Amino acid sequence: MKLRYRALLLVVALVGFAVACASEGGGDELGPDDTTTTAAPRTTVADTTTTTVPETTVADTTTTTAAPRTTAADTTTTTSVPEDSTPQEDPQSSAPAGLVTPTGIPVAVLGRSETDYLVRTPCGNTAEVSKGVFINGARVVIDPGHGGPVDTGAIGPNGLIERDLNLTLSRAILDELASRGISAVSTRTGGYGTLLSVRAALANDLGVDALISIHHNAPTWAISRSPGSEVFIQSESISLPRADSARLGGLLYEEITAALATFDNVTWSKAANAGVLRVLSSNGTDAYGMIVHPTVPAVLVEYGYLSNPSEAALFATDEYIRVAATATADAIDAYLHTDRPGTGFIQRPRIFDPQRAPSFCEDPPLE
Ligand SMILES: [Zn+2]
């Protein structure tokens, strides 16, 4: 039964290839996001709901409410492996917010006993681990989109798999942040899958300043002379973007599009309303899971179109990874340490209704 279920999901995933990242985040509380959804056209508010979603000005809200973050000292996330044999009066009091298990899996810590830590697994189960490296003082969570054998994300014409590309870029971003003394944690450190709700909960539990979900887009849109990067941000209300998410998104858009534009001989793909924008379900709420679930400031970045042969060739290069990682870290650095507002804001939200996907998740070994 389980095998038949997996086979069905694989078929659905293959059918869903054509839409790939168009339904990023999926809006699914529990399941992998976009490979199991069916095709849906990109529509804009101008097409469908002009009267219900008033136009708003992101620049106004960000410039008046954004505050510079210059006081908190950045610290590294790693400390010594905890001693696990000391009896505690209050088991909760000595538990870190998160830890990296002996197999390298970052997890939130829900509590501890005399000998073990109770953790939330990538598939949203609870498990006990005997030790790990504490996560303390993280300021940023990087989320490599997709994961596992079913949720591959987009697949380029050169065979490059989005699940793997996102992980490669995320690792480079984490290295770049570490070199700047900005402590950051990844939601996924290998090819395994993890639920959107678990990814978001890790960021929430750690209380970080920013969550950035890393993606590459499909299907190919119109050919363009400039990069078609898209950054999706959180809503404050149906009519207003959340100011901190918008500023983070604007800085990422600004730095990433400027950096990608330096590559010569790339034929880009771009949607008509590419930029920094909200994607709302037809009921007026944020559509994507990685935008809905986080309580911390969060954005989802589509760097470019993996479905576009010219861009896919670029994404396979080490130089792309280096340039994209540096641009991303530049934006995060600016978000944490300046009051720059960012650019590229698209006022009208895009309307998109992701279909709820069946969940598939298999926990990796924790130790
Ligand atoms: Zn994706």
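At a glance:
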item: Count of residues meeting criterion [open to solvent by less than 10 Å² (accessible area, probe 1.4 Å), in a helix (DSSP H, G or I) and small (Gly, Ala, Ser)] in segment 281-340; result: 8
item: Those residues of segment 211-246 which are in a loop (DSSP other than H, G, I, E, B), touching a helix residue (DSSP H, G or I) at 6+ places or on another chain (Cβ under 9 Å) and away from the ligand (no atom under 16 Å from the Cβ), in sequence order; result: Ser226, Pro227, Gln234, Glu236, Leu240, Arg242
item: Residue match in segment 202-210 (condition: at pLDDT 95 or above and within 16 Å of the ligand (Cβ to nearest atom)); result: no
item: Lone qualifier among Gly190, Gly181, Gly249 - being away from the ligand (no atom under 16 Å from the Cβ) and open to solvent by 30 Å² or more (accessible area, probe 1.4 Å); result: Gly181
item: Complete set of residues in segment 132-147 that are at pLDDT 95 or above and either more than 13 Å from the ligand (Cβ to nearest atom) or of a type in the set (Asp, Glu) (or both); result: Gly132, Val133, Phe134, Ile135, Ala138, Arg139, Val140, Val141, Ile142, Asp143
item: Scan of segment 198-213 for residues that are open to solvent by 30 Å² or more (accessible area, probe 1.4 Å) and farther than 23 Å from Ala329 by Cβ, ordered by number; result: Asp205
item: Tally of residues being assigned to a loop (DSSP other than H, G, I, E, B) and crowded, with 19+ Cβ neighbours inside 10 Å across segment 99-156; result: 16
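The values are calculated or read from the model by the stated rules, or taken from the named source; none is laboratory data. Everything numeric in this text was worked out from a predicted model, so none of it was measured. As a convention, Cβ positions derive from the backbone with ideal geometry for all residues, glycine included, and neighbour counts pool all protein chains shown. Heads up: the accessible areas ignore ligands, DNA and RNA and are worked out on the full protein's heavy atoms, side chains in. Shrake-Rupley method; radii C 1.70, N 1.55, O 1.52, S 1.80 Å.
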